[in-house]
Structures are given as C-alpha cells and as structure tokens.
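This report refers to the structure that appears directly beneath it.
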Ligand SMILES: [Zn+2]
Ligand SMILES: [Zn+2]
C-alpha cells in the first residue's frame, strides 16, 4: 500500500491479461471511518486485503466500498473483499445500483464476447454479480466521510453510472476510468457507454482545479499540470461525437 497524501493511500492493481483496477483508501485513519474506492478484478481481492492489514488498518475500520463504476475489472473481487470485511457497505451510482440489485450484468461485462470469455476463464456463473447497494449516489452530494469531504460527480460516458470523487481542499480527483495519465481516456464502446456524454463529462471535470489525479489504472499523477483535463478533452473531442 502506498501513501499518496494525508488521508489517501492506494493499492496498485495487478494487471494480467485483463486489467485489475487500483484501490484507493480514503479517510483519516484515526477516524476509523475509511472507504475503499473500487475493488478490482476477479481473484484480486486477497492481496488487497492483505495490503490493508499489513498497513496496520483494522478491516473493521473500512465502513464502505464506493464504486466509481461497476465494470468487471473494478467489481470482480468485491465479494472476495467483503468476505474479509463483512461490515462494509456498498455505495454506487443509482444507474448502476439498480442493475446490480437485479443481477443485470450487462454493465459488469460490457459486451457479450467478453462475458463469455470471462465466465470461462474465471468459472463465473450468470447472476454472480448481484449485490444489494446500501447507498445510491446521484451526483452532486457531498460525502462527509473519514474526516474529509468528497463531492460526488456523475460522469457518464465510459459507463452510464460512472462517478468521480473530488476533494476540493487538496484538489484530488478520483475519476474512475474516465480520464487517465498521459492524456488517455476510458473506452466508450461498451454497454452503457456514450461518446458524447463522455465528452461532456470530461468538460465537466475540466472545470475543476486538480493537482492529484487518481485514475482507475496506470500511473497516478501528484502534480498535474494546470489545464490537463481540458487539454485531454480537446484532444479527444473529434472522436467523441
Ligand atoms: Zn471501466
Ligand atoms: Zn477499469
């Protein structure tokens, strides 16, 4: 587990032939009111729980897991983690909470070919990704958790119920798979994705002052240049119509 800044640390994803999302742990450890952001790929839960224990965090201090979105590489090991941290609630945007509760896995897998491949690879059963969601997020709410305030921003486009978390005092943005380092953005060809919504979401994020960018994959950036997201949006604009 790596320290990012006060109240934020992260466990790097361990990509295989399918990526495994990073997990961020947010909140002041002294508050014992910590949140995990995302879980990761199927089979990638154990090392993350181990990293949390090794960092001296009691699993019971983790009160919730907040999903930036519910693709397999983010939610695949949710059940594995919750087995070790049974008290943790699940929070997700309402547009992905609804299908999760109904066992509608179209967002989880994104496309039929991928579903078939993953079900075979991991021995996953249809309906395995059915979860009760304890809090449905809408976007616009301020979450006072772990002694910090995080604004929820609905950023559809990569998936219908994608959210970003933004901590204004330290200008920290956790955008899921919408924008990455190196001027990269998330794919927009999967179920529930929409290129023009992705463009609007990037424009929305471009309005924020961001110093620390903590995406779902690849490098994290702790000294983001001013205008980075708007430049990324501009670069991708012609493809996002
Ligand atoms: Zn994704
Ligand atoms: Zn991802």
Subject >> Pick from segment 49-89, criterion surrounded by fewer than 20 Cβ atoms within 10 Å (Cβ to Cβ) and under 25 Å from residue 178 (Cα atoms), ranking: nearest to ligand 1 (Cβ to nearest atom) >> reply: 79
Original post:
For residue 24, all conditions in the list (1) within 16 Å of ligand 2 (Cβ to nearest atom); (2) under 23 Å from residue 143 (Cα atoms); (3) in a loop (DSSP other than H, G, I, E, B) hold save one; what is the number of the exception?
Top reply: (3)
**OP:** Pick out the one residue from 237, 162 that is at pLDDT 95 or above and buried (at least 20 other Cβ atoms within 10 Å of the Cβ).
**Re:** 162
Subject >> Of residues in segment 175-218 being surrounded by fewer than 18 Cβ atoms within 10 Å (Cβ to Cβ) and in a helix (DSSP H, G or I), the one farthest from the chain's Cα centre (by Cα) >> reply: 196
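The values are calculated or read from the model by the stated rules, or taken from the named source; none is laboratory data. Treat the numbers as computed from the prediction; the structure is a model and nothing was measured. Every residue, glycine among them, receives a Cβ derived from its backbone with ideal geometry; neighbour counts consider all protein chains shown.
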